[in-house]
Amino acid sequence: MEENINEEAKKEIIKRTVTMQGRPMTLTGEEIKVGMTAPDFKVTDNDMLPMKFSRTYGGKVAVISAVTSLDTSVCDLQTRRFNKEAEALGPDIGVLTVSMDLPFAQKRWCGAAGVKAVRTFSDYQKADFGKTWGVLIKDLRLLARAIFIVDKDGIVKYVQIVPEVTKEPDYDEALTALRALV
């Protein structure tokens, strides 16, 4: 019995967290690490159609930018920054942003922001991406701010989970990792 209690205590200690305005938030799902095979996931595109990562981005280098909501200032900045970078990357590199925003809200935001080089996808239905990639904030059912880069063979080559959700990621570090693959 004591052994079970100790195992449960260990699980509690190794919970992964991020903060939102300084408050700790628990992340659910497996932690994604460099060298792992990229887990597949299903999300919804801006036309309410399902998108499966492996079918749409298989064989391409993919940059996955996770944000809490496109209608917040930092998420807006992050997506616009990757849109600017994506314009120069070419067709063999896919750049996508995933959030819990509803697809029609993402479509409206993209139109208003002039974002065309980044595709936005919604994880609102089942939180499949958030759970599978370990960035679902349990307390809020939102995604933590993160950047993942997957190579043409489907191997995760870069992971950045931003410790404070209200802060921007380290773009230079992510872009350096991306340029090393192309």
- Query: So how many residues does the range 127-146 have that are basic (Lys, Arg), in contact with a strand residue (DSSP E or B) (Cβ under 8 Å, 6 or more places away or on another chain) and either more than 13 Å from residue 99 (Cα to Cα) or part of a loop (DSSP other than H, G, I, E, B) (or both)?
  - Reply: 2
- Item | The listed residue being farther than 20 Å from residue 168 by Cα and at pLDDT 95 or above, out of 15, 42 | 42
- Between residues in the range 111-131 that are over 15 Å from residue 95 (Cβ atoms) and residues that are aromatic (Phe, Trp, Tyr) and surrounded by 23 or more Cβ atoms within 10 Å (Cβ to Cβ), which pairs lie under 7 Å by C-beta distance while being six or more apart or on different chains? 123/129
- Task: Would you tally the residues in the range 19-52 being of a type in the set (A, V, I, L, M, F, W, C), surrounded by fewer than 17 Cβ atoms within 10 Å (Cβ to Cβ) and touching a helix residue (DSSP H, G or I) at 6+ places or on another chain (Cβ under 8 Å)?
- Result: 1
- Which residues, taken from the range 149-182, are within 28 Å of residue 20 (Cβ to Cβ) and either charged (D, E, K, R) or assigned to a loop (DSSP other than H, G, I, E, B) (or both)? 157, 162, 163, 164, 165, 166, 167, 168, 169, 170, 172, 173
- Residues of the range 152-181 being aliphatic (A, V, I, L, M) and closer than 17 Å to residue 62 by Cα, which ones? 155, 156, 159, 161, 174, 175, 177, 178, 180, 181
- Task: Kindly indicate the residue of the range 91-102 that is without any contact (Cβ under 8 Å) to a residue 60 or more places away in the chain and over 16 Å from residue 68 (Cβ atoms) and also surrounded by the fewest Cβ atoms within 10 Å (Cβ to Cβ) among those meeting that condition.
- Result: 91
- Item | Criterion: surrounded by fewer than 19 Cβ atoms within 10 Å (Cβ to Cβ), free of Cβ contacts under 8 Å to residues at least 40 places away in the same chain and within 17 Å of the chain's Cα centre (by Cα) - qualifying residue of 108, 80, 55 | 80
- Has the range 69-91 got any residue that is of a type in the set (Asp, Glu), in contact with a Gly (Cβ under 9 Å, 6 or more places away or on another chain), over 22 Å from residue 165 (Cα atoms) and modelled with pLDDT under 95? no
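The values are calculated or read from the model by the stated rules, or taken from the named source; none is laboratory data. Because the structure is a prediction, the values reported are computed rather than measured. Don't worry about glycine lacking a Cβ; one is built from the backbone with ideal geometry, like all the others, and counts go over all protein chains shown.
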